[in-house]
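One structure is given here, and the rest of the page talks about it.
The values are calculated or read from the model by the stated rules, or taken from the named source; none is laboratory data. In this text, all values refer to a predicted model and were calculated from it rather than measured experimentally. Using ideal geometry, Cβ is built from the backbone for each residue, glycine included, and neighbour counts are taken over all protein chains shown. Surface areas here come from the heavy atoms of the whole protein model, side chains and all, with no ligands, DNA or RNA. Shrake-Rupley method; radii C 1.70, N 1.55, O 1.52, S 1.80 Å.
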Amino acid sequence: MRAKELFSPTLREVPAEAEVVSHQLLLRAGFIRRTAAGVYTYLPLAIRVLKKIEQIVREEMDHQGGQEIMMPIIQPAELWQESGRWDVYGPELFRLKDRHDRDFALGPTHEEVITTLVRGEVNSYKQMPLLLYQIQNKYRDERRPRFGLLRGREFIMKDLYSFDRDAAGLEVSYRKMHEAYTSIFKRCGLLFRPVEADSGAIGGSDTHEFMVLADSGEAIVLYCNNQACGYAANNEKATLPAEENISGETLKPLIRAATPGCRTVEEVAQFLRISPQTIIKTILYETEKEVVAALVRGDREINEIKLLNTLGCLRLELAGAKTVQQITGAAVGFAGPVGLKGCTIVADPEVLAMVNAVTGSNTDDTHCLNVNPTRDFEVNITKDIRMVQAGEPCPHCGSQLLEAKGIEVGQIFKLGDKYSKALGATYLDESGHSLPIIMGCYGIGVSRTMAAAIEQNHDNNGIIWPAAIAPFQVVVIPVSTKDEKQVALARELYQRLLEAGIETVIDDRPERAGVKFKDADLIGYPLRITIGSKAVSENRVELQPRRTGEVTLAPTQNLEKIVLEMLTAL
RNA sequence: CGGGGCAUAGCUCAGUUUGGUAGAGCGCACGGUUCGGGACCGUGAGGUCGCACGUUCAAGUCGUGUUGCCCCGACCA
């Protein structure tokens, strides 16, 4: 490709709309342009990267027995009504009407369509396992699209659905996908980690997320320090070993103490000169059916996902000041479990092990001292409801947990019979019994993977593409386009590299060298070949990998071979 | 959906406080000098100041409304 003809408008300045580095660099390097909030046009360089990623995905899906199909983006409302998700999915579902006033949705995911397809075509255990996938645009009217391609309203996703006769079959399919995903992200040159996760609204039992590790990631991953153990989980999901240490302290009688104006754990701890660890934090929540008081140790954070799962409710919000006043009889900041009525009390197991603790007293400006669970208050539910923090013990082996930030680029779910039951997808087994098909679903955010790769691979000058997904492998830069010898040599080498099957750009623009170098760094070609005057006289060119920036000189004979070797090493 | 901010040339922004005939840098076009890390000089093109209504002799500037975009929180590939 000649840079002169390549449509990749680069920007010198950072566009005001971009906050995160992948968004900034995709705009600056001429990969994307915004069309609407969370909706982007992919320019030629982006398309090349996306196709590379898609190709890797296809190969790994096919390798595991997946078969590619293409389902419609436009889906009739009846399917969603049948599964019950037309009402449940909420405003995130893009809805539209046709000219006959019939309801449709733009597909945010395809369980409905594929399950309907399969229920009509798969009737026997002999037709399974079946793995079907597609790569196409998905539509989700996000509450807040942001971070460029990391969270768009239109994005490219690979979604595969597995159909098996039983849980054992699903287990096999699930493991295949786990393996495929591992290969995919490895081949893309990304540093990633599969972690245990919460299944959220999609439902199902087991689920893993694949996290690309990057400081800008929104998700927090906890992983075991002990490599042999290998435990890793999203912090929403991470669990703890059962609490065992009960303090030998003797129980003291409960008393009340004035704590004027101390609403937060920090304020109370400071005022009473105690450690936050001796305080029981009481937070009130409202669900669609009840008010809940959640108790955790003062230095802990409540994990609202765990709490939501524990309660089995659909909606969970912090209680408003009014509700708090009504339930506790005190202002926000003085709630405590002692004598608390009119709400369900959920406690983290750690709380039950506390002795002579401090809590709010449900009276303004007063706290209770020497509170002891069981003796002073009853708990309705005891369940792990707190965030696990780095430094705490691994639930599997007890070693220390470490923390990293990650971008979720893929997730695999065991769906079980949730959709096959709702949509009536059954098969007959050997004995003629009708059973629901057991399903799994497996997604990869392709466009997000591209952005995540940049989040993980960039420097102050621009993108550093892993060679496997780079839009081009090599850029050939004649330093001066006025020097005909340089240009001639550059063209010759460019041709030879093309013939060797290496994706190469020749920067033949009549620009100064500095401009070309800056653009080469910005776009992130893995390897740069610079052809200056010395190259012409000595027949040696400069090779400079983008990542290291180390310049090596190479003779022009056999350049293809040297380049190929360097690229494999990248 | 709640909270905050922004909207002026292709891009980044000034001008709004105190209403008075539209600005800079970059980019673009042309000419010249340059030429190994975003050169310099000159000339030029380019804007119904997001949109609507209002106040006023006069609105980019003040008021009301509206739309779009961005950021922070609860959801997701």
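Legend: translational diffusion of the stretch A:472-569 by Stokes-Einstein, Rh = Kirkwood radius over C-alpha pairs, 10 °C, 1.306 mPa s; D = 122 µm²/s. Structural descriptor for chain A: relative contact order 17 percent, calculated from alpha carbon pairs under 8 angstrom and at least 6 residues apart. For the stretch A:472-569, the solvent-accessible area works out to 50 Å² per residue, with a probe of 1.4 Å and every protein chain left in place.
Put simply, when A:322-331, A:448-457, A:379-388 are sorted by average Cβ atoms within 10 angstrom per residue, most first, you get A:448-457, A:379-388, A:322-331.
If you take the Cα centroid of the stretch A:29-91 and the Cα centroid of the stretch A:123-166, the two points sit 7 Å apart. With protein chains left intact and a 1.4 Å probe, residues in the stretch A:74-175 average 46 Å² of accessible area per residue. Ignoring ligands, DNA and RNA, what percent of the accessible area of the stretch A:472-569 is carbon or sulfur (1.4 Å)? C and S atoms contribute 50 percent here.
Below 8 Å between Cα atoms, with a sequence gap of 6+, how large is the relative contact order for the stretch A:255-382 in percent? Relative contact order here is 29 percent.
Expressed as a whole percent, the accessible surface of the stretch A:255-382 that belongs to carbon and sulfur atoms is 51, based on a 1.4 Å probe.
Counting only residues at least eight positions apart within a chain, or on another chain, the lysines with an alpha carbon under 19 Å from that of A:Lys289 are A:Lys306, A:Lys322, A:Lys341.
By the Kirkwood approach, averaging reciprocal distances over each pair of separate Cα atoms, the stretch A:1-97 gets a hydrodynamic radius of 17.1 Å. If you wrap the Cα atoms of chain A in a convex hull and average its projected area over all directions, you get 33.7 nm².
In the stretch A:52-129, the portion of solvent-accessible area held by carbon and sulfur atoms comes to 52 percent [1.4 Å probe, whole percent, DNA, RNA and ligands not counted]. From its DSSP helices (H runs of at least four residues, each -39,500 (n - 2.57)), chain A gives a residue-normalised ellipticity at 222 nm of -8000 deg cm²/dmol. Using R0 = 41 Å, the C-beta based FRET efficiency linking A:Cys397 and A:Thr264 works out to 0.70. Take every Cα-Cα pair in the stretch A:255-382 and report what % of them are more than 24 Å apart. Of the Cα pairs, 19 percent sit more than 24 Å apart. In this structure, the amide hydrogen of A:Ala105, modeled 1.01 Å from its nitrogen in the peptide plane, lies closer than 5 angstrom to those of A:Gln75, A:Ala77, A:Leu96, counting only residues at least 5 positions away or on a different chain. Packing order of peptides A:460-469, A:505-514, highest average first: A:460-469, A:505-514 (average count of other Cβ atoms within 10 Å over each peptide's residues). Each residue of the stretch A:301-311 was assigned a 3J(HN,Hα) from its phi angle through the Karplus expression (A = 6.51, B = -1.76, C = 1.60, θ = phi - 60°), giving 10, 6, 9, 5, 5, 4, 5, 4, 5, 4, 7 Hz with x at Gly and Pro. Computed from the Cβ-Cβ distance with R0 of 56 Å, the FRET efficiency linking A:Arg95 to A:Glu5 stands at 0.85.
Based on protein heavy atoms only, the stretch A:255-382 ends up with 45 Å² per residue of surface accessible to a 1.4 Å probe.
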